[in-house]
Each structure stands twice: as structure tokens, then as C-alpha cells.
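Working notes, beginning with the structure itself.
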Amino acid sequence: MDIFEIILGTYESFVIGVKCRFKNQQSKELELVQSFNDHVHQASIRSVSCSSKYMVSSSTDETIEVYNMVRRCHIHTILQHSGTVTSLAFTPDESHLISTSDDGSIAMFETGTWKLKKLWDKAHKGSAVSFLAVHPSGKLALSVGKDKTLRTWNLVKGRPAYTTNQSSMSSYYFFDNIIWSPAGQYYGLPLNTKLMIFNVETAGIAITIEDSYKIHGVTFIEEHLVCYGSENGSLHCYNIINKESMWEIKIGDTRVKCLIKIDNRLVTALSDGHVTVWELNGCKKPVESCSLFLDCRITCICNNSLRKSKMVKDESDEESEVKNDIIVGANIPNKPQIIKRKLPINGVQNKKLKPSIKKKKSIPNNWKVSENV
């Protein structure tokens, strides 16, 4: 029985799916198994994001790849940006996809048709845009760029709201990530060895966490509990209100690249390819549940939130939803992608691992997710 699925991007340009499931119907033990892989990008993956129906990935090859996670197939390639696509984010209502790029622009696409609806070509005065995060309410978003500013965007009116200059915080380093708390009361900005947590109501810093090593992956496990991973493979948890450390554990020897909370579990991904699921227990130290080693360098992570809802259309509606002649700034690859390297799974080398994602011409065929389903 599958519990959840995560999507991982890698430096080797793979997009990999990993499922967490019970080992069998009688057992409560969990295991991680690889569910798919795709090699459609031509360079390292920079961002992955999921809605209830779609999964998107971006790369330094300047493209955005779109997948239908209901049919488990690749459906589009968006060619809007002329630089590395640094981040991707769906709005909470899943009506739009927002992308940022090193070309200095922020683009908004309509979900499903993938039409370009809004383009801020000089969002940070022409400087590269590093990251954008949408508030849980969907009414505003925050972006950071190489101009050392934090910009607030009014998504209701579709225009910038105000700009905060952050140049005084560092003369050398740039912000490259933004993390919202579950209710949107706080947001975090990691900067080298510091993690600054801001309070939205007071518009001030709630707490500044300093570490001896560079901070990478950050996530909120509760509204007032923030968890982060550092360069030396340590995992930390802080209480924002009490301003104290709750726990700290050593989980590896390489940087904790990505963190994500799914229900009452925490998923960590080290840059060397180790993926681990932890059982959360309030303010106590988490307990390791299961792990998987992927022979690749992980760069980003997201939760495949596929669920039966009004947003997920029946498969019979797919053909009428997307047509080649209505897509703006997008095309569909005509040639199938050929994998150029073998991807070992759990240290065992496959004879020949091919991308398990079918292209649009093979839409009737579903993915074969894993061998022991």
C-alpha cells in the first residue's frame, strides 16, 4: 500500500520518483522504492513542483518540462525563458504556475493550457531572480534575486507591491530560498550560515539562527517549529517562540540538501543520494523509519500530492484539455529521449535502465511504477 510519493531532481539531469509504502499488508514497516525516472532534461535539475494533477521540473537547460501525474506521462516542454529556470511554484488553487529565471523574469502560466498569462521581464530590475514562494493564501508571493532585494507581489492584482533592500545583511552572499510556514505567519530566509525567520504581522525578524556550517534544506514541521539541515550532515529543530533548540541529530556526512514534511513524517535528502523518512513525535527527536540510496546527486524535492479531487479530471477529458495549436511558448518533443547513463538502484546496477515515462504518443500506456507493487 502506497503512503506517499516524492519527486527528486538531480545534478545528473534525472527526475526520479520515490514511493513510501508498507512492505506488505500485514506489516507496519515502511520501505522506499523507486517508482519512475526520466531523463528529458539536458542539464542539471534546479526545481520540481507538483499540483494535484501535474508535475513540473526546470533545469539549467532553460526549459520547463510538464508531466501528467494521473496518466504518468510527459506532455509539454515550455520554452519561455532564456536563462536557467531557478524555481517553480503552483498557486494554492492550482490555477497557475509561476516560474523564475536567471534572465531576470518571472512568468505566470495557466495550468492545463500552459498559456503565458503574465510576464514581468525585469522583475528585479534585470537581475537574476533566484527564488519565488507563494503564500499559503495564494494572495501574495515573495521573490529574491541577485539585486539583493526581497520583493512582495500582489497576485490578486498581478503587480508588485513593495520592495525590501537586503543588501545590508550580506555584502557577498545572496538569498536563494524562501520557506513559508504552514499558515503563512512566518517565512524563512537562509543566508550562508544563518537562518532568519520573519514575522509577517510585525514585518520584523522573529529569530535569527546561526550555525557553524552552511544551511541548506529548510522546512517548517509546525507553525512555530522550523527544521533545517546543514553542510556537515546535521539536522536541527528550533522553536521560534521560545527561541531555543529542540533537538539536533547527525544523519550523514554530506550536506542535507532537501527537507520536506509530509503529514506526520519528515523526508530528508542528502546531496550524495541518501533519502530517509523520519517519524515525527512533537518536540522530541524524530525516529528513522526507512531509507533508500540513489546513486546520484540530489538537488531538489517536492511531494507528489496526487489525490482524487475536483481539480483532477477524468482521463477521457485529457485530449480536449490540451491541444498543440493553443499552447503559447511551449512545444512537445517529437523525438523520444534516450537515456545516456545507467542509474543504479540501492547499489545494484541494472542491465539497462530506460526512462519509464511514456511520451505523449504513448498516452494509452501507463507507467509501470515498481516491480513489487
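The values are calculated or read from the model by the stated rules, or taken from the named source; none is laboratory data. Please read all numbers here as calculations on a predicted model, not as lab measurements. Note: ideal-geometry Cβ built from the backbone for every residue, glycine included; neighbour counts use all protein chains shown. The protein model used for the area step is the full one, side chains on, heavy atoms only, and it has no ligands, DNA or RNA in it. Shrake-Rupley method; radii C 1.70, N 1.55, O 1.52, S 1.80 Å.
Structure above, values below:
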item	result
Residues of segment 250-259 satisfying the condition of being open to solvent by less than 30 Å² (accessible area, probe 1.4 Å) and β-branched (Val, Ile, Thr)	VAL256
Elements of type strands (runs of 3 or more DSSP E) in segment 68-149, at least 1 residues being over 20 Å from the mean Cα position of the chain (by Cα)	116-120
Unique match (being more than 22 Å from SER289 (Cα to Cα) and surrounded by 22 or more Cβ atoms within 10 Å (Cβ to Cβ)) among SER35, SER57, SER44	SER57
Residue list for segment 195-243, filter: open to solvent by 60 Å² or more (accessible area, probe 1.4 Å) and small (Gly, Ala, Ser)	ALA203, SER212
Pairs with Cβ under 7 Å, 6+ apart, first in segment 272-285 and part of a loop (DSSP other than H, G, I, E, B), second β-branched (Val, Ile, Thr)	ASP272/THR254; GLY273/ILE298
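Results for (1) under 25 Å from MET196 (Cβ atoms); (2) open to solvent by less than 10 Å² (accessible area, probe 1.4 Å); (3) among the small types (Gly, Ala, Ser), shown as yes or no for each residue.
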{"site": "ILE78", "(1), (2), (3)": "no, yes, no"}
{"site": "LEU97", "(1), (2), (3)": "no, yes, no"}
{"site": "LYS117", "(1), (2), (3)": "no, no, no"}
{"site": "ASP121", "(1), (2), (3)": "no, no, no"}
{"site": "LEU140", "(1), (2), (3)": "yes, no, no"}
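Residue-wise test of (1) of a type in the set (S, T, N, Q); (2) touching a helix residue (DSSP H, G or I) at 6+ places or on another chain (Cβ under 9 Å); (3) modelled with pLDDT of 95 or more.
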{"position": "LYS23", "(1), (2), (3)": "no, no, no"}
{"position": "GLU29", "(1), (2), (3)": "no, no, no"}
{"position": "TYR54", "(1), (2), (3)": "no, no, yes"}
{"position": "MET69", "(1), (2), (3)": "no, no, no"}
{"position": "CYS73", "(1), (2), (3)": "no, yes, no"}
